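Engineer: I have a structure here, written as structure tokens, and I will follow up with some questions on it.
Please treat every number below as a calculation from the coordinates, not as lab data. Computed from a predicted structure; not experimentally measured. Every residue, glycine among them, receives a Cβ derived from its backbone with ideal geometry; neighbour counts consider all protein chains shown.
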Amino acid sequence: MEKITAPRGTKDVLPLEVDRWHMLETTARRVAQSYGFQEIRFPAFEHTELFIRGVGDTTDIVQKEMYTFEDKGGRSISLRPEGTASVVRAGIEHGVFQGALPFKAHYIAPVFRYEKPQAGRLREHHQFGIECYGAAGPEADAEVIALAHTFLTNVLPVATELPFVLHLNSIGCPTCRGAYRDKLLAYLQSKPLCHNCTERMARNPLRVLDCKEASCQSVVQDAPVTNQCLCADCQTHFASVQTYVRQLGIPFVVSDRLVRGLDYYNRTVFEFICTQIGAQGTILAGGRYDGLVEQLGGPPTPACGFGCGIERILLLQDAFGVAMRQEHTPFLCITTADTPDSPAGVAARLLTQKLRAFWYVEQDITGRSLKAQFKHADRLGAKYVMTIGSTEIETATVTIKRMADGAKLTCALDSDAIVALLLADIAPQTAPVMQDSSENANL
RNA sequence: GUGGAUGUAGCUCAGUCGGUUAGAGCAUCAGAUUGUGGUUCUGAGGGUCGGCGGUUCGAUUCCGCUCAUCCACCCCA
């Protein structure tokens, strides 16, 4: 048979690594909720039109990276390439923007883009996203940035130096950006630019600003800068954002080259960038998008938020050797040397069933030898192993082996007695393991 | 979409200047006096040497194409 592999740019998460995902997700939800951002869920696919109007039809994401197909009803459907458009659509659809504002939501969801995979870039990746609607002031920007900072410092090792740098900029409102664009175009007109930038000039001249080509860099050095061409309102807004972020003790640098790839941004844009995970160093990025709700047919509603790439956080954790592994060790293994249909086999199964109300209990289901069952119990890290065979049935007594020191405890063959004995034996230690692994996740 | 590197067991990798049954370590499974783990010893299973085509008496080894992985550009989280 021919092997079927995972589609290009997708990743399996095996049980061994799933703990780190739980830990990230748990922390994300906890931090989001501590800032008042409730969870929202939305479909993995939408009408293609939503992304064309939301993300923007000049963007690469919409032009060449969307998974678009026609469904059996003839509709053009696209897998979501990002989360914000869907949240806005859902908000409009359910009248949320006419209700109590601000509306604050978070999500953790897979997004899909047809890209060529490389380090930190996948065709399916997961984003932790934050959305805040109905707050126009710089306090909202600062709150969103603070949330981002809190999340990152909770999932990454924070030494004297942070493993990432916050870059902050303002690209102005539609009015001052238009004026700025003209100014920039006039400046760039006569300058020598690389092939890419010549193309960029037509579509999105702002992108020329963060070209990595050395020749363009030198040209751009003297170019007019976005945040110095802002209108009065945008200037005050940006100044306040900086003040508030500084007040919160969050270090940042103003990068006047920083622009974003999605059309809907205005005023504040920011990126948390690291240098340890390859060329795709942006781990979290966002900003303000005041025009988006109206653009998609809702009431004029100011908005801001961010998206954070979970896989890139994982990569950064790897780079810093952050280990995260919950213990999944059985408390008790019940072994038997008899056949599954024998009285002992039946008793073992019933007992396992009862004791699982208290602990994680393993019982062999492969029919391997008693010795192999012990070996397996040891490998799993079981605290106790209890054997039930014909002798135990006859005497109505069981011995339970304490694996740490090999001591044998004797007990009546009765679930209540066994529970009592084991509870007494572990009393000085910590409580048994029956709890949600995602609840006690922290570094 | 463009460019570079790589592709041998579940994992990490040897190896074949083209030649009979392709190896190691780890992992898995089974035994070492028949109902008791971690060490040790012995043994076993597991690979169409990424796929297709070409050159050749003969290819896992050479050539072409293709697919996949990794990395960079582009773009973005």
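Engineer: Run the helix sum for chain A: -39,500 (n - 2.57) per DSSP H stretch of 4+ residues, divided by residue count, reported at 222 nm to the nearest 500 deg cm²/dmol.
Structural biologist: -11000 deg cm²/dmol
Engineer: Further, regarding this structure: If I fit a long axis through the Cα atoms of helix A:232-247 and take the longest principal axis of the Cα atoms of chain A, what angle between them do I get, 0 to 90°, rounded to 10?
Structural biologist: With rounding to tens, the tilt is 30 degrees.
Engineer: Quick one: length gained pulling A:ALA279 to A:GLU17 fully straight, 0.36 nm per residue minus the C-alpha distance?
Structural biologist: The A:ALA279-A:GLU17 span can extend by a further 91.9 nm.
Engineer: Size of the dipole of region A:1-111 about the Cα centre, Lys and Arg at +1 and Asp and Glu at -1 on the beta carbon, nothing else charged, in debye to 20?
Structural biologist: Around 200 debye, computed over region A:1-111.
Engineer: A further question on this structure: Could you put A:GLU271, A:GLU115, A:GLU139 in order, starting from the residue whose Cβ has the fewest other Cβ atoms within 10 Å?
Structural biologist: A:GLU139, A:GLU115, A:GLU271
Engineer: Here is a follow-up. Given R₀ = 56 Å, FRET efficiency for A:THR5-A:VAL419 by Cβ-Cβ distance, to 0.05?
Structural biologist: Given R0 = 56 Å and the Cβ-Cβ separation, E is 0.75.
Engineer: Take the Cα atoms of region A:148-203, find their three principal axes, and give me the spread along each one in whole Å, biggest first.
Structural biologist: Dimensions of region A:148-203 along the principal axes of its Cα atoms: 47, 29, 18 Å.
Engineer: Provide, for q = 0.16, 0.17, 0.21 Å⁻¹, the log10 of I(q)/I(0) from a solvent-free Debye sum over equal Cα point scatterers in region A:134-281.
Structural biologist: For region A:134-281, the Cα-only Debye profile gives -0.94, -1.03, -1.33.
Engineer: Then there's this: Quick one: angle between helix A:174-188 and the longest Cα principal axis of chain A, in degrees between 0 and 90, rounded to 10, please.
Structural biologist: Taking the Cα atoms of chain A, the angle to A:174-188 is about 70 degrees.
Engineer: FRET efficiency for A:LEU409 and A:GLU294, Cβ-Cβ distance as r, R0 = 56 Å, nearest 0.05?
Structural biologist: 0.20
Engineer: In addition: Specify which residue in the list A:ALA136, A:PRO15, A:ALA28 is farthest towards the positive end of the charge dipole of region A:1-147, using unit charges on the beta carbon of Lys, Arg (+1) and Asp, Glu (-1), about the Cα centre.
Structural biologist: So the residue furthest toward the plus end is A:PRO15.
Engineer: On to the next question. So what's the angle, to the nearest 10 degrees on a 0 to 90 scale, between helix A:138-155 and the longest Cα principal axis of chain A?
Structural biologist: Once rounded, one gets 40 degrees.
Engineer: I need the fraction of alpha carbon pairs in region A:77-179 separated by more than 16 Å, rounded to a whole percent.
Structural biologist: 72 percent
Engineer: With charges set only on the Cβ (+1 for Lys and Arg, -1 for Asp and Glu), what does the dipole of region A:235-394 come to about its Cα centre, in debye to the nearest 20?
Structural biologist: The dipole magnitude comes to about 280 debye.
Engineer: Extension gain A:GLU139-A:ARG246, at 0.36 nm per residue separation less the Cα-Cα distance, in nm?
Structural biologist: Using 0.36 nm per residue and subtracting the Cα-Cα distance, I get 37.3 nm.
Engineer: Using +1 at the Cβ of each Lys and Arg and -1 at the Cβ of each Asp and Glu in chain A, identify which of A:GLY261, A:LEU409, A:HIS376 lies farthest towards the dipole's positive end.
Structural biologist: Ranked along the dipole, the leading option is A:GLY261.
Engineer: What percentages, rounded to whole numbers, describe P(r) for chain A computed over all alpha carbon pairs with 10 Å bin width beginning at zero?
Structural biologist: Whole-percent P(r) values from 0 Å outward: 4, 17, 23, 19, 13, 10, 8, 4, 1, 0.
Engineer: For a Förster distance of 56 Å, can you work out the FRET efficiency between the beta-carbons of A:LYS72 and A:LEU380, rounded to the nearest 0.05?
Structural biologist: So the FRET efficiency works out to roughly 0.75.
Engineer: Once the mean 1/r over all distinct Cα pairs of region A:240-336 is inverted, what Kirkwood radius in angstroms do you read off?
Structural biologist: 17.0 Å
Engineer: Right, here's the next one. What full-extension length gain, to one decimal in nm, is calculated for A:ALA100 and A:ALA186 as 0.36 nm per residue of separation minus the Cα-Cα distance?
Structural biologist: Net length gain for the segment: 26.5 nm.
Engineer: Here's something else I'd like to know. Starting from the Cα gyration tensor of region A:329-385, take the square roots of the eigenvalues, sort them a ≥ b ≥ c, and report rounded, prolate or oblate (rounded when a/c is under 1.5, otherwise prolate if a/b is larger than b/c, else oblate).
Structural biologist: It comes out oblate by the Cα gyration axes.
Engineer: So, how do all the Cα-to-Cα distances of region A:315-354 break down into 5 Å bins, in percent, from 0 on up?
Structural biologist: Per 5 Å bin, starting at zero, the Cα-Cα P(r) for region A:315-354 comes out as 5, 19, 15, 12, 9, 6, 7, 7, 9, 9, 2 percent.
Engineer: Okay, next question. Can I get the semi-axes of region A:236-285's equivalent ellipsoid? Compute them from the C-alpha gyration tensor as square roots of 5 times the eigenvalues, in angstrom, largest first.
Structural biologist: 21, 16, 8
Engineer: From Cα coordinates alone, what are the radius of gyration and Dmax values for region A:315-420 in angstrom?
Structural biologist: Values for region A:315-420 (Cα only, Rg and Dmax): 16.1, 58 Å.
Engineer: Sort A:MET386, A:MET403 so the one with the fewest other Cβ atoms within 10 Å of its own Cβ comes first.
Structural biologist: In increasing order of surrounding Cβ atoms, one gets A:MET403, A:MET386.
Engineer: List A:LEU284, A:LEU168 from most exposed to least, where exposure is judged by having the fewest other Cβ atoms within 10 Å.
Structural biologist: Listing A:LEU284, A:LEU168 from fewest to most nearby Cβ atoms yields A:LEU168, A:LEU284.
Engineer: Something else about it: Could you check the spin-label model distance between A:VAL346 and A:TYR114? Points 7 Å from the Cα along Cα→Cβ, value in nm.
Structural biologist: 6.1 nm
Engineer: Quote the charge dipole size of chain A about the Cα centre in Debye, to the nearest 20; the model charges only the Cβ of Lys and Arg (+1) and of Asp and Glu (-1).
Structural biologist: 740 debye
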